[in-house]
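Taken together, the values in this text are just the output of simple stated rules run on the coordinates, not laboratory data. What you see is a predicted model; the values in this text were computed from it and never measured. Glycine also receives a Cβ, built like all others from the backbone with ideal geometry; neighbour counts cover every protein chain displayed.
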Amino acid sequence: MIAPANPLRGLASDSAYIHSVLQTIDGPIILVGHSYGGAVISNAAVGVPNVKALVYIAGFAPDKGESLVQLVTMNPGTDIGPATLTTRQYPLPGGGEGTDLYLTKSAFHDAFAGDLPHNLTDQMQAAQRPFSNEAFGSLSGDPAWKTIRSWYLVATQDHAIPPVTQRFMAARAHATVVEVRASHVAMISQPEATTRLILEAARSVR
């Protein structure tokens, strides 16, 4: 098992990095992505023949030309937006500035992890990694879910990606779907259901 860090800088560059990691792995790969990570695996798996299954945990599964901001606003129900985000500038390697997005402390629990205790979500909020506005607005390439079998865990109490949007993306990808009563971080609040889905995907390629 390997859990490479997602750079969170931009969909094209993040996907290229994960793609490069996948190319170092021998044998069949079950690729799992949560939230933005779903968009990354959708792009990173293209052209890697030993990726045998994609597993989305309340994840974005964009089609070609779609962005996260387009998908997250296509249906009502998200609590993530200008009022719940803090922005910070950071320097770009070639000059200029990028913008990082952080969920505010007041919104983090309800928007992201409403089924976890506040003492835990306060720690999660303080330690959250910066997410580039460029990644939020990046357009997807042709996604791997069009050719690779997919599984999708729908979090029915998600206030980040509305459940109706999750169901739409899962149906479009012809994914095997399991629904669980969980917030956006279903892998933390419902670890057993998450593990079962990943193992189901793994068993399918044996």
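For region 104-121, the Karplus equation 6.51 cos²θ - 1.76 cosθ + 1.60, evaluated at θ = phi - 60°, returns couplings of 5, 4, 5, 9, 4, 4, 5, 7, 10, 8, x, 9, 10, x, 4, 5, 7, 5 Hz by residue, with Gly and Pro reported as x. Distant-in-sequence amide contacts of Val32, defined by a placed amide H-H separation under 5 Å and a gap of 5 or more residues or a different chain, comprise Val55. Amide hydrogen proximity for Ser150: with H placed 1.01 Å from N in the peptide plane, the residues at 5 or more positions away or on another chain lying under 5 Å are Leu54, Thr176. Amide hydrogen proximity for Glu179: with H placed 1.01 Å from N in the peptide plane, the residues at 5 or more positions away or on another chain lying under 5 Å are Val154. Taking the Cα centre of region 50-188 as reference, the dipole from Cβ charges on Lys and Arg (+1) and Asp and Glu (-1) amounts to some 420 debye.
Take every pair of alpha-carbon atoms less than 8 Å apart whose residues are at least six positions apart; their mean separation over the length of region 110-206 yields a relative contact order of 32 percent.
Relative protection proxy for 90-98, 78-86, from highest mean packing down: 78-86, 90-98 (other beta-carbon atoms within 10 angstrom).
Derived scalar couplings between HN and Hα for region 89-94 equal 7, 9, x, 8, x, x Hz in order, rounded to whole Hz, by the Karplus curve 6.51 cos²θ - 1.76 cosθ + 1.60 (θ = phi - 60°), x for Gly and Pro. A simple rule links phi to the HN-Hα coupling: the Karplus curve 6.51 cos²θ - 1.76 cosθ + 1.60 with θ = phi - 60°, which for region 148-161 gives 10, 4, 10, 10, 9, 9, 8, 9, 6, 10, 7, 10, 9, 9 Hz, with x for Gly and Pro. Given their separation in residues at 0.36 nm each and the Cα-Cα distance between them, Lys146 and Glu192 gain 13.8 nm when the chain is fully extended.
Note on the chain: antiparallel DSSP beta bridges, both residues inside, total approximately 40 percent of the bridges counted.
Straight-distance candidates among the lysines for linking to Lys64, with alpha-carbon spacing under 20 Å and chain neighbours fewer than 8 residues away dropped: Lys146.
For the chain, the 222 nm mean residue ellipticity estimated from helices alone, with every DSSP H stretch of n ≥ 4 adding -39500 (n - 2.57) and the total spread over all residues, rounds to -10000 deg cm²/dmol.
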